[in-house]
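Below is one structure; the comments refer to it alone.
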Amino acid sequence: MPPDMPIVDLLAARLLAAPPDMPGGEGLVPDWAPLEPFSRPPTPAAVLIGLVKRPEGHTVLYTERSPDLRSHSGQVAFPGGKIDAVDADAGAAALREANEEVGMLAEEARILGFMEPYFTGSNYLITPVVAEVEPSGPFVPNPEEVHSVFEVPLSRILDPQSYGRFRITRGGKEHSTWQIDHDGHTIWGITANLTRRFRDLALGEG
């Protein structure tokens, strides 16, 4: 990244200006192969990669999911979820979910653009929405969905030395994802893979 170029200007030039079209399931390759073939089209979803403006520089916003949730309980995630019929697009969905999960107001976020969809082995087609966030107060986790909220310095996200590999076995097959350890949190799976894609895009290495 050029040292004299603000990250938001750099990203605005490399991100998609509008949400990408959502393809059907044909030809899509998931990040890991499911045990059984999908029986329905993928579910459209969106996540918010929030670049939070802090006095010391930008940070990236993450949540730790509630341990009481039925799926992905206790895991680190970006704010986000399914795109509902009431949502105008992926950006609106990501901002709505961020409000529901951590109390972020839509007017506190400026969407910089969109990344290419990410197809998961659980049959979700995720659009990452990148936004710069200027919070008016602290983020407050919704206890029904989020156990805690934390931020990772953007400089750490951009540093290739921050990334290792996480390995898990599903159905007798080993599956590997990126992994980032920060302040007692382990970021792995979809969230770490999306973080790495964001990092590579920001640095022009994707």
Query raised in the report: Does T59 satisfy being in contact with a strand residue (DSSP E or B) (Cβ under 6 Å, 6 or more places away or on another chain) and either farther than 21 Å from R196 by Cβ or open to solvent by less than 20 Å² (accessible area, probe 1.4 Å) (or both)?
Result: yes
Report task. May I ask you to list pairs of residues, at least six apart or on different chains, whose Cβ atoms are under 7 Å apart, with the first in region 89-104 being over 16 Å from E64 (Cα atoms) and the second being polar (S, T, N, Q) and assigned to a helix (DSSP H, G or I)? Result -> none
Report task. Could you list all residues from region 101-118 that are open to solvent by 60 Å² or more (accessible area, probe 1.4 Å), under 22 Å from R196 (Cβ atoms) and not aliphatic (A, V, I, L, M)? Result -> E116
**Report entry** Single residue of E100, E151 found to be under 14 Å from the mean Cα position of the chain (by Cα), modelled with pLDDT of 95 or more and of a type in the set (D, E, K, R)
**Finding:** E151
Requested in this report: Having 2 or more residues that are open to solvent by 70 Å² or more (accessible area, probe 1.4 Å) is the bar; report the strands (runs of 3 or more DSSP E) wholly within region 137-202 that clear it.
Outcome: 163-170, 173-182
Query raised in the report: Taking interchain pairs and intrachain pairs at least six residues apart, which have beta carbon atoms under 7 angstrom, with the first residue in region 118-147 and free of Cβ contacts under 8 Å to residues at least 40 places away in the same chain and the second open to solvent by less than 20 Å² (accessible area, probe 1.4 Å)?
Result: V140/V102
Query raised in the report: Out of A131, A92, A98, which single residue is among the aliphatic types (A, V, I, L, M) and surrounded by fewer than 21 Cβ atoms within 10 Å (Cβ to Cβ)?
Result: A92
Query raised in the report: Is it the case that some residue within region 66-81 is at pLDDT 95 or above, of a type outside the set (K, R) and assigned to a loop (DSSP other than H, G, I, E, B)?
Result: yes
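The values are calculated or read from the model by the stated rules, or taken from the named source; none is laboratory data. It should be emphasised that the depicted structure is a prediction, and the values quoted were computed from it without experimental measurement. Counting neighbours? That spans all protein chains shown, and the Cβs are built from the backbone with ideal geometry, glycine included. Note: areas computed on protein heavy atoms with side chains; ligands, DNA, RNA excluded. Shrake-Rupley method; radii C 1.70, N 1.55, O 1.52, S 1.80 Å.
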